[in-house]
């Protein structure tokens, strides 16, 4: 996988050279960030890498049981995606041959649910569906080995989403376009007779994590769980770290990806200054006792801000606040506490600093209560009681000391934790289901 931004040293060299030109750094820096940011943010849409480069990019090249899909978006684009559905007897992959295919009989609940007596089509409908949103480098085909882990080892159905402009998909990449692509993928799952009743787990890496958060915030009732790896608070907060010389022009980022606010359903209510203050506090966490005390004070203030925002969201009508300025015309409802979240962070990530993941962890833990039962309560004058929820257990965080931006998936314990998380989601789903509604 490539880095989040391509050719960083080249971009900075060009920017530095501008200091000696008549154009002036300010004009060039602003122009580079504003007009060239799509190239910087979505590089692989403009630099195609495929089978001709010796890198397998199709499920067929791996010998996997699969279906190729052409998904049509509402704005007329075609997404070339792949589906790795379940099957009782999966063929052994012809690449990465050492990867074991776990027998379906070994999956927890197999005997109870009678997997061995099901047809392949029935088995698909009784296993979870993982929707994969990849990072900005490479394409969906390059993540097939990760999809193999979900299909062959964890026995999930897998939908590998290819964004517009990437791979063989049509169109040009953009934040609003990716959001539409994600909705298109979810609509496919809910429209497929085999998949429509399966619990959906979103898996997002880097910018794919921002895509997953965006989708889950707008369709919270459709998502059972989210797995996030090395993603960021927002692109505007990432620019000063990745491109320091262009930091002063971060306000020109029209590709915003404001994930923190979307988690609580208010993407424009968590102000950038407050987020920056919180991030600065996290950075100072390592600088001594006085800095730690200052950090704790800031952390408390930031949590109070989030609590106030969460209260405003709830009072405003069940956690719905319209996002303005992004052109989607959609409402962000927030990600409810009952949605399980697993965050996987590389401590040695020099591209997206791990402080971003730490901040998002705090935001997830500050999510407003959303599960309601009838009954009078001092918390409400409408006869509704807001239940407590064990948010800490639902917002899980794992740090990998040696993990960098591109190799966290290869760290010891990564896939064991993912497998355990999916098993936990399965147990909860079975507990909430009964009779024929049980799907895991």
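The values are calculated or read from the model by the stated rules, or taken from the named source; none is laboratory data. Only a predicted model underlies this, so the values are computations on that prediction, with no experimental measurement involved. Note: ideal-geometry Cβ built from the backbone for every residue, glycine included; neighbour counts use all protein chains shown.
When the range 167-181 is filtered for residues that are in contact with a strand residue (DSSP E or B) (Cβ under 9 Å, 6 or more places away or on another chain) and more than 19 Å from residue 226 (Cβ to Cβ), the ones remaining, listed by number, are 167, 168, 169, 170, 171.
The criterion of at least 1 residues that are crowded, with 20+ Cβ neighbours inside 10 Å and in contact with a helix residue (DSSP H, G or I) (Cβ under 8 Å, 6 or more places away or on another chain) is met by the following helices (runs of 4 or more DSSP H) wholly inside the range 101-207: 120-125, 144-148, 175-191.
If the condition is being within 23 Å of residue 124 (Cβ to Cβ) and in a loop (DSSP other than H, G, I, E, B), then the range 55-80 contributes 58, 63, 64, 65, 66.
Within the range 241-256, is there a residue that is modelled with pLDDT under 95 and crowded, with 23+ Cβ neighbours inside 10 Å? Let's see the steps before the verdict.
Going through the range 241-256, the residues modelled with pLDDT under 95 turn out to be 241-256.
Checking the rest, the ones that are also crowded, with 23+ Cβ neighbours inside 10 Å come to 246.
Looking for residues that are modelled with pLDDT under 95 and crowded, with 23+ Cβ neighbours inside 10 Å, one finds at least one in the range 241-256, hence yes.
Hey, among the residues in the range 41-54 that are farther than 27 Å from residue 176 by Cα and not in a loop (DSSP other than H, G, I, E, B), which one's modelled with the lowest pLDDT? Within the range 41-54, the match that is modelled with the lowest pLDDT is 51. For beta carbons closer than 7 Å, sequence separation of 6+ or different chains, a first residue in the range 54-73 that is at positive phi and touching a residue at least 12 places away in the same chain (Cβ under 8 Å) and a second that is surrounded by 16 or more Cβ atoms within 10 Å (Cβ to Cβ) and assigned to a loop (DSSP other than H, G, I, E, B), the qualifying pairs are 63/93.
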